[in-house]
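The values are calculated or read from the model by the stated rules, or taken from the named source; none is laboratory data. These numbers were taken from a predicted model, which means no experiment stands behind them. Every residue, glycine as well, gets a Cβ built from its backbone with ideal geometry; the counts of neighbours run over all protein chains shown. Heads up: the accessible areas ignore ligands, DNA and RNA and are worked out on the full protein's heavy atoms, side chains in. Shrake-Rupley method; radii C 1.70, N 1.55, O 1.52, S 1.80 Å.
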Amino acid sequence: MGGVFADLVGQDQAVGVLRRAAAAAAETVAGGRGTGMTHAWLFTGPPGSGRSSAARAFAAALLCDGPGRQAADRGCGHCEACHLVGVGSHPDLTRVRPEGLSYSVRQTRDLVLKAAGAPTLGKWRIVLFEDADRVTEAAANALLKAIEEPPARTVWLLCAPSPDDMIITIRSRCRVVTLRTPPAEAVARMLTERDGVPPDMALFAARAAQGHIGRARRLALDEEVRRRRADVLSIPGSLGGVGDCVVAAERLVKTSTEEADAATAELNETETAELRKVYGEGSSGKGLNRGLVRGGAGALKELETLQKSRATRIKRDSLDLALLDLAAFYRDVLAVQFGAGVELTNEDRRREIEALARGSSPEDTLRRTRAIMRCRERLAANVNPQIAVEAMTLTLRSPGVG
Ligand SMILES: [Zn+2]
């Protein structure tokens, strides 16, 4: 096996569907009937399950020019096309993320226009839409027209958490590929084989990340990420009085902001450097075309605006991940209270979890879990983070204390 699909952890069923479609697509390109290929695909699955990796692997399989003739040979992982897809510079693959919090009509129209062109290298013209659930309704209409009447060799790959996140008119025109949450053992094995993580650490990270592959890798490889997680999980045990709740809320908001800032800074730096290179800044200003300089300033300003709204989004996602960690902690407490002999997400904190399970009732645990979910909803509705999180920590506080 091997090839571009090898990285999709625990997704045998989806991989089977994609391999068959890629084989049918190759038949079409060769002038055959090629039944089984579709122009619009929707990749769904929980965050971190590898939606965009799956879409990218499929793109490679479609564009692959490896010599094999079998279905399993599409997406060989060795040829020039597979390599270009892997590094994100194949001329026939356009990979897009929303500029800011959502796709604008302008951005979507630009893409539709781009997608209408014939493929450069003669196979397919592919547009990979990350976070397609962030298409605004107006933008969705622009997209819908393109999906309804696709040019013969254009393929749309949309990624979203679940089919319900897409407006029905778009969803109904897509073939849905569902990825599942990969089992912790499979994620751990991948971390060990690919990243050389020791098995114990790999299993800890895979469990703690709850099937989120990227997060599992960060947890396994970065001590700072592990420290932040420990910080979040120390909250349940720290809520003695009202003052502690306020402090814990502050800490949670601060920790997730730090994590987001680190991620944002890295992204911004690369982009800004790229843009400056394009517009020739940093070289001697002399002899530079004045129009180009003006254009550069405009583009830089536009980039800064986009980066700012992305920073907001990353901050929100980062806090949400921290809340999911907390929710998993209480889910473990509940599992112990119900005596379910299951493996805990936070196996490393079993003693603490068992103590809390003994010292409270399942009703308490459910009430706390609801408080976390309510906090997530309020954050999604743009409530001030400190206020929303403080309301939550106050509810998480042990009953019968103070
Ligand atoms: Zn290939």
Against the conditions (1) part of a helix (DSSP H, G or I); (2) open to solvent by 10 Å² or more (accessible area, probe 1.4 Å); (3) away from the ligand (no atom under 13 Å from the Cβ); (4) in contact (Cβ under 8 Å) with a residue 60 or more places away in the chain, where does Asp110 fall short? Just the number, please. (4)
Kindly indicate whether Leu93 is assigned by TED's automatic domain parsing to the domain that holds Ala152, touching a residue at least 12 places away in the same chain (Cβ under 8 Å), among the aliphatic types (A, V, I, L, M) and within 16 Å of the ligand (Cβ to nearest atom). yes
Within the bounds of segment 51-69, is there any residue that is in the same structural domain as Val112 (by TED's automatic domain parsing), in contact with a Pro (Cβ under 6 Å, 6 or more places away or on another chain), open to solvent by 30 Å² or more (accessible area, probe 1.4 Å) and away from the ligand (no atom under 16 Å from the Cβ)? no
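Rundown of residues vs (1) among the charged types (D, E, K, R); (2) within 21 Å of Lys254 (Cβ to Cβ); (3) without any contact (Cβ under 8 Å) to a residue 40 or more places away in the chain, yes/no style:
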position	(1), (2), (3)
Asp320	yes, yes, no
Phe329	no, yes, no
Gly339	no, no, yes
Glu354	yes, no, yes
Ser361	no, no, yes
In segment 78-89, is there at least one residue being within 16 Å of the ligand (Cβ to nearest atom), touching a Phe, Trp or Tyr at 6+ places or on another chain (Cβ under 8 Å) and either within 25 Å of Ala115 (Cα to Cα) or among the hydroxyl-bearing types (Ser, Thr, Tyr) (or both)? no
Tell me, which residue of segment 1-21 that is more than 21 Å from Arg171 (Cα to Cα) and buried (at least 19 other Cβ atoms within 10 Å of the Cβ) is farthest from the ligand (Cβ to nearest atom)? Gly10
